[in-house]
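Visitor: Next up is a structure, given as structure tokens.
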Amino acid sequence: MKNRNIKSVVLASAALALVVGAARSEAQDTVTAITNATIMTVSPAGTIDKGTILIKGGKITAVGASVVVPPAASVIDAAGRVVTPGIIDAHSHTAVEDSVNECTNIVTAEVRVEDALDPRDISIYRQLAGGVTAANILHGSCNSIGGQNATIKLRWGVESGDALLFKGAPPGIKFALGENPKRSSFTGGTRRYPATRMGVEVSIRDAFLEAKAYKKEWDAYDAALKAVSARKPAKGAPAAVTPLAPRKNLQMEALKEILEGKRLVHAHSYRADEILMLIDVANEMGFKIATFQHVLEGFKVASEIAKHGAGASTFSDWWGYKMEAYDAIPYNAAIMASHGVLVSLNSDSDELARRLYWEAAKAVRYGGVSEDEAFKMVTINPAKQLGIDKWVGSIEVGKDADLAVFRAHPFAADTRVEMTLVDGKVMFDRSKDLAARKGVAATLGGVQ
């Protein structure tokens, strides 16, 4: 086992050296052309046969069937291949290892996932091999209000967690309902409040009552400061006294941003009654829920979710792994979408994230969602849910060149990702990866 692990690490490192070395050698002013491809744009342009995509400075500069390729362009011949937008995972814990759950308090809105990102997590590279280019890295679910999320790009090979961050992505935060925050499935240790679904609801309401009072105090200070700044004292009169600022509270600051519409709420949920409960609390406190995550009983209350304006990011066919997941059905995504809910399919798993395109295919099988609409559930829909759709999620001029090159249609049983680009740079190349493995295997001399 030890030798196999060593071999795996060495092979991954060799592939990394090849892929990242190629990416770093690309100048920003170099034009890259992907030619002869079937292009699934996930835009009003639809699918383009024998199309070309031009990339410069990490952006898509042209896409179509009659694009002229500049003579000096670096050409990727994608004949017989299908090019799609990079896949976006709306619920991931990649690159944070064990720094995902700050369980010591029921409200931990002050902690930030971005402070614990690890760019060396091998799962980043493996997910690039599945066409994933961006992900919503969430805090865990042991708190009714957990930590702040980090939306990242899978820039394998960068040297810091900060370099993974998706610039311009709206900030978010993790909420959680049900068994996890009430800790009913955990044994040992000291129980902490809350221990019931009633307590989870009250903990959220209490936190926002405190946040509203905090916001009121700061709004009054801001108004007083503005009044002082606008005042013109008479000649010889003493200067106006600057008001004293309230004390900063990082936990309340995050909740204040939610009340101001500046931070997105992503709420881990399962049961229909709890989904309705959080909608009621949000309406009462004056904030919006951006997405219900997992939302396995969303099909029961799809109209209510749509009315609130929340999205839903769910699993295709995970159920029965705990009590509150027993009523889940594989038709959930299709039913919610038919009621006007913006639906995405997520992984919540480093392993499942490598095959999200097949997760989308299940929406075609279960519920009759069209292939185009199903593929949106792993591209433009999660981009909209995360507020990053003006940069990614579809292949359009001006958007980031985050692309996946498939051997065949993403829903084909024998498909695979041949190449993945992030910001126009090749982050994964299957041919180079396989060559690296062969070379290292020969060097190891048959280590098993």
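The values are calculated or read from the model by the stated rules, or taken from the named source; none is laboratory data. Nothing here was measured: the structure is a model prediction, and the numbers come from that model. FYI the Cβ positions are ideal-geometry reconstructions off the backbone, even for glycines, and counts take in every protein chain you see. Keep in mind that these areas ignore ligands, DNA and RNA; they rest on the heavy atoms of the full protein, side chains included. Shrake-Rupley method; radii C 1.70, N 1.55, O 1.52, S 1.80 Å.
Visitor: Once every Cα of segment 291-448 carries one equal point scatterer and solvent is ignored, give the base-10 log of I(q)/I(0) from the Debye formula at q = 0.10, 0.11, 0.18, 0.19 Å⁻¹, two decimals.
Guide: Here the Debye-derived log intensity ratios amount to -0.44, -0.52, -1.10, -1.19.
Visitor: What is the sum of charges around F315, taking Lys and Arg as +1, Asp and Glu as -1, for the other residues whose C-beta is under 10 Å from the C-beta of F315?
Guide: Neighbour charge sum, excluding F315 itself: -2.
Visitor: Just subtract the alpha-carbon distance of L276 and Y326 from 0.36 nm times their residue separation and send over the number in nm, one decimal.
Guide: 16.2 nm
Visitor: Multiply the residue separation of K167 and D29 by 0.36 nm, subtract the distance between their alpha-carbon atoms, and state the gained length in nm to one decimal.
Guide: 47.6 nm
Visitor: Could you pull out every residue, at least 5 positions away or on a different chain, whose amide H is within less than 5 Å of the one on F175? Hs are placed 1.01 Å off N in the peptide plane, and Pro or chain starts have none.
Guide: Amide H neighbours of F175: G146, H266, A267, H268.
Visitor: Under a plain spin-label model, where a point goes 7 Å from the Cα along Cα-to-Cβ, how far apart in nm are W319 and D372?
Guide: According to this spin-label approximation, the distance is 3.0 nm.
Visitor: Report relative contact order for the chain in percent, whole number only (criteria: Cα-Cα under 8 Å, sequence separation at least 6).
Guide: Relative contact order comes out at 21 percent.
Visitor: How far is helix 272-285 tilted, in degrees, relative to the longest principal axis of the Cα atoms in the chain, given as a value from 0 to 90 rounded to the nearest 10?
Guide: With rounding to tens, the tilt is 50 degrees.
Visitor: Here is a follow-up. Taking GluC sites (Glu not before Pro) as candidate sites, keep only those in a DSSP loop with at most 12 other Cβ atoms within 10 Å, then name the longest stretch of the chain containing none of them.
Guide: Formally, the longest exposed-site-free interval is 1-158.
Visitor: What are the radius of gyration and Dmax of segment 21-130, computed over its Cα atoms and given in Å?
Guide: 19.3, 60
Visitor: Rank P71, T84, T104 by how far each Cα sits towards the positive end of the charge dipole of segment 58-110 (+1 on Lys, Arg Cβ; -1 on Asp, Glu Cβ) and give me just the farthest.
Guide: Checking the options against the dipole of segment 58-110, the answer is P71.
Visitor: Still on this structure: Find the Rg to Rh ratio for segment 218-335, where Rh is the Kirkwood radius over alpha-carbon pairs and Rg uses the same atoms.
Guide: 1.29
Visitor: Would you mind calculating the relative contact order of segment 214-270 from Cα pairs under 8 angstrom and at least 6 residues apart, reporting the percent as a whole number?
Guide: 35
Visitor: Count the DSSP beta bridges whose two residues both fall in the chain, then state the antiparallel fraction as a percent rounded to the nearest 5.
Guide: 55
Visitor: Mind jotting down the three principal axis lengths of segment 333-399 based on Cα atoms? Whole angstrom, largest first.
Guide: 35, 30, 17
Visitor: Among A333, I34, M323, which residue has its Cα positioned farthest towards the positive end of the charge dipole of the chain, with +1 placed on the Cβ of Lys and Arg, -1 on the Cβ of Asp and Glu, and the dipole taken about the Cα centre?
Guide: Result: I34.
Visitor: Say R0 is 41 Å: what FRET efficiency, to the nearest 0.05, do A237 and E260 get from their beta-carbon distance?
Guide: Once rounded, the FRET efficiency stands at 0.70.
Visitor: Rounded to whole Å and sorted largest first, what semi-axes of the equivalent ellipsoid does the C-alpha gyration tensor of segment 37-84 yield via the square root of 5 times each eigenvalue?
Guide: Semi-axes, largest first: 17, 13, 10 Å.
Visitor: Under a GNM of the chain (C-alpha, springs under 10 Å), which listed residue has the highest mean-square fluctuation: T291, T32, T84?
Guide: T32
Visitor: Return a whole-number percent for the relative contact order of segment 316-448, with Cα pairs under 8 Å and 6 or more residues apart as the contact set.
Guide: Reported as a whole number, the value is 14 percent.
Visitor: Can you tell me the Rg and Dmax of the chain, counting just the alpha carbons, in angstroms?
Guide: Considering the chain through its Cα atoms, Rg and Dmax are 24.2, 90 Å.
Visitor: Using the basic label-point model (7 angstrom from Cα toward the beta carbon), what is the K390 to D77 distance in nanometres?
Guide: The answer from the label model is 4.0 nm.
Visitor: Taking the Cβ of A325 as the centre, find all other residues whose Cβ is under 10 Å away and add up their charges (Lys, Arg: +1; Asp, Glu: -1).
Guide: Local net charge: -2.
Visitor: OK, next. Run the quick spin-label model on V67 and D206: label points 7 Å from Cα toward the beta carbon, then report their separation in nm to one decimal.
Guide: So the label points at V67 and D206 sit 5.6 nm apart.
Visitor: Could you tell me, in Å, what Rg and Dmax come out for the Cα atoms of segment 315-358?
Guide: According to the Cα coordinates of segment 315-358, Rg and Dmax are 11.5, 30 Å.
Visitor: Also, I was wondering about something else. Mind jotting down a quarter of the surface of the convex hull over the alpha carbons of segment 86-229, in square nanometres, one decimal?
Guide: Dividing the Cα hull surface by four gives the mean projection, 11.4 nm².
Visitor: Taking the Cα centre of each part, how many Å lie between segment 123-146 and segment 196-275?
Guide: Here the answer is 29 Å between Cα centres.
Visitor: Out of every Cα pair in segment 374-448, what percent are spaced more than 20 Å from each other?
Guide: 49
Visitor: Using a 1.4 angstrom probe, figure out how much accessible area the chain has per residue, in square angstrom, rounded to the nearest whole.
Guide: Result: 44 Å² of accessible area for each residue.
Visitor: On a 0 to 90 degree scale, rounded to 10, what angle separates helix 197-230 from the longest Cα axis of the chain?
Guide: The angle comes out near 80 degrees.
Visitor: Students often check this: by mean Cβ neighbours within 10 Å, which of 146-157, 70-81 ranks highest, and how do the rest follow?
Guide: So the peptides 146-157, 70-81, ranked by packing, come out 146-157, 70-81.
Visitor: Given only helices, namely DSSP H runs of n ≥ 4 each adding -39500 (n - 2.57), what is the per-residue ellipticity at 222 nm of the chain, to the nearest 500 deg cm²/dmol?
Guide: Helices in the chain give a 222 nm mean residue ellipticity of -10000 deg cm²/dmol.
Visitor: Could you please report the charge total around Y193, scoring K, R as +1 and D, E as -1 over all other residues with beta-carbon less than 12 angstrom from its beta-carbon?
Guide: +3
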